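Just below is one structure, and these are the notes that go with it.
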Amino acid sequence: MLELSSKIARAELSWATRLRSGLGKTRSRLSGLFSDRSVDPALFEEIETALLASDAGAEATRFLLAALHERASQGATAGQLKTALQAILVELLAPLEQTLDLSGKKPCVVMLAGVNGSGKTTSIGKLARYFQDQGRSVLLAAGDTFRAAAREQLAAWGEENAVAVVAQSGGDPGAVLFDAIVAARSRGIDLVLADTAGRLPTQLHLMEEIGRIKRVIAKAEPGAPHEVWLVLDANTGQNALKQVEAFDDALGLTGLILTKLDGTAKGGIVCAIALARSQRPLPLRFVGVGEGIADLRPFAADAFVSALLD
Amino acid sequence: MLENLSERLSRIAKTIRGEARLTEANIQEALREVRMALLEADVALPVVKAFIERVREAALGAEVVGSLTPGQALVGVVHRELTALMGGEDAALDLAVTPPAVVLLAGLQGSGKTTTAAKLAKMLAAERQKKPLLVSCDVYRPAAIEQLRTLAGQIGVDFFPSAIGQKPMAIALAALDHAKKHYHDVLLVDTAGRLAIDATMMQEIAGLHAALKPVETLFIVDSMQGQDSVKVAKAFGDALPLTGIVLTKLDGDARGGAALSVRQVTGKPIKFAGVSEKPDGLELFHPERMASRILGMGDVLSLVEEARKTVDLDEAKKFAEKLKKGKGFNLEDFKQQIGQMRKMGGISSMIDKLPAQFAQAAQSSQMDEKQLRRVEGIIDSMTPAERMRPEILKASRKRRIAAGAGVPVQEVNRLLNQFEQMQEMMKRIQKGGLAKMMRGMKGFMPGTR
């Protein structure tokens with residue numbers, strides 16, 4: 001027992017380290033600004049630059065700067081401003097952190113959607129491992145019947161994790177997912193992870209198609225899909241906001257996955273999304289910070305902000 | 001976001017319009033707007049800063065004199081500078097070496113390298129009569145090799161098999177050898193996606209480059225990429241002597257931010273743009289048009305080109321003959337037009353390419369895909385005689401058609417009205433020709449002279 005908990009602690013530690021190194025560039029740019037200096041217009045300009053360069057976007061940058069200006073007018077020092085920024089960010093991002101509860105539904109169906117190349121199939125591979133580690137049985141459904149070899153790619157992940165994959169050559173994505181859910185029910189499997197083909201929000205017929213796919217899933221299992229997550233590439237700029245809106249309109253999203261955060265200066269887009277969706281917060285379910293199979297983990301606002309600022 | 005930028009710029013143009021000339025003071029406000037708009041379109045900050053300086057200098061210079069309004073002048077300056085920044089000239093692939101000419105593709109994960117490799121092969125085979133060979137050196141992503149093999153089969157191009165256990169270098173050299181022995185003109189080498197900060201992987205691709213000595217080394221960039229584009233491009237440019245850039249997924253909501261940044265940082269031309277998921281969805285990149293598109297002047301030229309490619313030439317010829325003979329335009333033709341419109345990627349992709357003000361009008365008139373299908377349904381419910389001579393349609397015929405198509409009679413009437421307008425337009429085209437109509441459209445666009 002003791003050994004297990006120390007193992008988990010180690011895993012947590014390396015996760016935090018990796019998140020920190022993933023956000024390294026953004027952090028050094030932001031946190032270095034505040035040390036040993038007076039509060040003057042130049043400081044604010046540098047903060048603005050750092051935020052914009054991290055993909056925070058014009059709107060979120062304006063919002064954060066306004067909040068900091070207010071603190072400064074109350075006589076805050078540069079050091080206090082940094083603490084203030086940290087607090088504001090945590091407050092902004094806290095609604096994105098929500099506990100995932102998949103209990104009581106069997107099979108529970110999680111559907112993934114996103115633009116081409118955002119990392120849907122890879123995320124499914126990593127999620128399979130994550131949920132297996134939690135003691136759930138998992139089935140992968142190859143709903144991307146469009147892209148060449150998407151099925152084979154998912155099959156490789158299935159092999160890696162030793163989980164079943166339901167696929168058809170060609171055919172209709174709805175039919176594949178329907179079959180997968182029926183198979184999961186008859187095999188008594190806890191969780192179905194449903195892959196879908198990448199699509200751009202401008203391809204209206206494909207956005208309609210994914211709505212149909214969702215309705216087919218509902219026919220296969222009442223109440224399903226229980227979760228619909230949009231997979232976002234952290235390299236994406238302000239277009240991420242449009243993706244969130246378009247896929248939410250088409251599907252009614254219940255969460256987000258942010259992949260490839262291990263590049264260089266990123267993470268600001270999370271602030272932009274949080275601000276744009278402050279009325280209807282969309283939980284950030286998982287964040288990916290590396291290519292390893294265990295590098296996709298639940299989002300924690302505190303850890304994220306300290307990785308950004310400390 | 002690009003729409004956003006153009007709207008913003010036209011708003012700026014309006015606010016400045018009241019003043020006699022551009023001054024340091026009134027341009028300040030407008031430039032701040034341009035700056036924010038560019039940032040929202042994901043142009044990287046350092047690039048934005050340099051760009052604003054260029055525009056400021058150009059706007060305050062002599063070029064303002066002689067323009068109609070200061071607002072138009074500023075939009076004109078922004079457009080000119082944008083075009084200059086993105087290249088100023090079209091650039092095709094340079095394959096003038098002893099065959100096989102090697103083309104190496106590099107980029108981040110998910111940027112679209114494999115799809116682009118297949119599209120390039122198809123383009124070289126179809127448009128330049130080359131014999132290409134495709135090979136994948138991606139031994140990391142599961143089924144990446146399988147993906148390229150499938151695509152090669154779909155487009156009917158030779159594929160050099162590789163496997164996950166092999167070394168990328170060994171694969172590349174074997175493929176090069178094969179290409180030489182089998183007289184392939186071009187060897188297209190797909191590589192694994194890699195992060196710019198991954199030193200081992202960057203060394204790997206530098207090694208591939210040294211061994212293959214490619215005539216073209218293309219950097220594949222997702223057009224949706226954010227601020228990081230500038231650093232990623234720099235890292236790839238430092239590791240590899242790039243010769244060009246391919247901008248992918250431009251059929252998304254068409255932001256140009258990454259295009260500007262990457263072009264600026266690498267100094268290499270953007271050679272191609274990926275514009276659909278299909279194997280022929282690759283176009284030559286035209287900086288001039290991209291700049292126009294950013295400014296909301298629309299992409300009318302590439303729309304025309306696309307129409308030329310997709311529309312059935314025979315059908316179009318027959319149609320033109322008919323018009324010439326003065327037989328008029330009937331509902332059967334109207335239906336064919338709708339079918340061809342769908343072939344061109346549907347209305348939405350056409351709207352994207354129209355100038356902002358037309359796009360808005362087109363969207364508000366609610367001509368969506370669904371409605372197209374209904375229109376087709378209504379025409380299908382008519383007899384051949386009715387289609388040829390719509391004027392015979394009276395109340396009882398209309399009722400029958402409405403019942404057949406499952407729509408209210410009003411919708412049949414609306415279709416007939418639309419058709420009449422279309423007939424009017426066709427008459428005008430007959431008189432003046434398409435070119436004249438295009439010129440007419442050009443007058444509506446801001447900044448063109």
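The values are calculated or read from the model by the stated rules, or taken from the named source; none is laboratory data. Every value quoted in this text rests on a predicted model; they were computed, and no experiment measured them. Heads up, the Cβs are rebuilt from the backbone with ideal geometry, glycines too, and the neighbour counts pull from every protein chain shown. We work out accessible area using only protein heavy atoms, side chains counted, and drop any ligands, DNA or RNA first. Shrake-Rupley method; radii C 1.70, N 1.55, O 1.52, S 1.80 Å.
Scanning the stretch A:290-308 for residues that are farther than 18 Å from residue A:100 by Cβ and out of contact with any helix residue (DSSP H, G or I) (no Cβ under 6 Å at 6 or more places or on another chain), which turns out surrounded by the most Cβ atoms within 10 Å (Cβ to Cβ)? My answer is A:306. For residue A:276, only one of the following conditions fails: (1) among the small types (Gly, Ala, Ser); (2) surrounded by fewer than 24 Cβ atoms within 10 Å (Cβ to Cβ); (3) closer than 26 Å to residue A:203 by Cβ; (4) touching a strand residue (DSSP E or B) at 6+ places or on another chain (Cβ under 9 Å). What is its number? Single failed check for residue A:276: (4).
When residue A:209 is tested against (1) open to solvent by 40 Å² or more (accessible area, probe 1.4 Å); (2) among the charged types (D, E, K, R); (3) within 16 Å of residue A:147 (Cβ to Cβ); (4) touching a residue at least 60 places away in the same chain (Cβ under 8 Å), only condition (4) is not met. The single condition among (1) open to solvent by less than 60 Å² (accessible area, probe 1.4 Å); (2) part of a helix (DSSP H, G or I); (3) free of Cβ contacts under 8 Å to residues at least 60 places away in the same chain; (4) away from every other protein chain (no Cβ under 14 Å) that residue A:85 does not meet is (3). Counting only residues that are hydrophobic (A, V, I, L, M, F, W, C) and more than 14 Å from chain A (Cβ to nearest Cβ), the stretch B:108-155 holds 8 of them. Residues that are at pLDDT 95 or above, in a helix (DSSP H, G or I) and among the small types (Gly, Ala, Ser) within the stretch B:82-124 comprise B:117, B:118, B:121, listed in sequence order.
Look at (1) over 21 Å from residue A:289 (Cα atoms); (2) open to solvent by less than 40 Å² (accessible area, probe 1.4 Å) and you find that residue A:168 fails only one, number (2).
Just a yes or no: is a residue in the stretch B:154-175 part of a helix (DSSP H, G or I), open to solvent by 30 Å² or more (accessible area, probe 1.4 Å) and more than 26 Å from residue B:239 (Cβ to Cβ)? For the stretch B:154-175, residues part of a helix (DSSP H, G or I), open to solvent by 30 Å² or more (accessible area, probe 1.4 Å) and more than 26 Å from residue B:239 (Cβ to Cβ): present. Among A:48, A:91, A:97, which is over 30 Å from residue A:211 (Cα atoms) and open to solvent by 70 Å² or more (accessible area, probe 1.4 Å)? Result of the check over A:48, A:91, A:97: A:91.
Would you mind telling me which numbered condition in (1) away from chain B (no Cβ under 13 Å); (2) more than 24 Å from residue A:259 (Cβ to Cβ) residue A:208 fails? For residue A:208, the failing item is (1). Can you find a residue in the stretch A:52-63 that is part of a helix (DSSP H, G or I), under 17 Å from residue A:270 (Cα atoms) and in contact with a Cys (Cβ under 7 Å, 6 or more places away or on another chain)? There is at least one residue in the stretch A:52-63 that is part of a helix (DSSP H, G or I), under 17 Å from residue A:270 (Cα atoms) and in contact with a Cys (Cβ under 7 Å, 6 or more places away or on another chain). Residue B:247 meets all of the listed conditions (1) at pLDDT 90 or above; (2) over 24 Å from residue B:51 (Cβ atoms) but one, namely (2). Scanning the stretch A:212-239 for residues that are open to solvent by less than 40 Å² (accessible area, probe 1.4 Å), of a type in the set (D, E, K, R) and away from every other protein chain (no Cβ under 14 Å) yields A:221, A:227. Set side by side, the residues A:77, A:145 differ, and just one is within 14 Å of chain B (Cβ to nearest Cβ) and open to solvent by 20 Å² or more (accessible area, probe 1.4 Å), which is A:145. Filtering the stretch A:254-294 to residues that are more than 11 Å from chain B (Cβ to nearest Cβ), farther than 16 Å from residue B:194 by Cα and at pLDDT below 90 leaves A:293, A:294. Please determine whether any residue of the stretch A:105-123 is surrounded by fewer than 22 Cβ atoms within 10 Å (Cβ to Cβ), part of a loop (DSSP other than H, G, I, E, B) and more than 11 Å from chain B (Cβ to nearest Cβ). Checked against the condition, which is being surrounded by fewer than 22 Cβ atoms within 10 Å (Cβ to Cβ), part of a loop (DSSP other than H, G, I, E, B) and more than 11 Å from chain B (Cβ to nearest Cβ), the stretch A:105-123 yields at least one hit.
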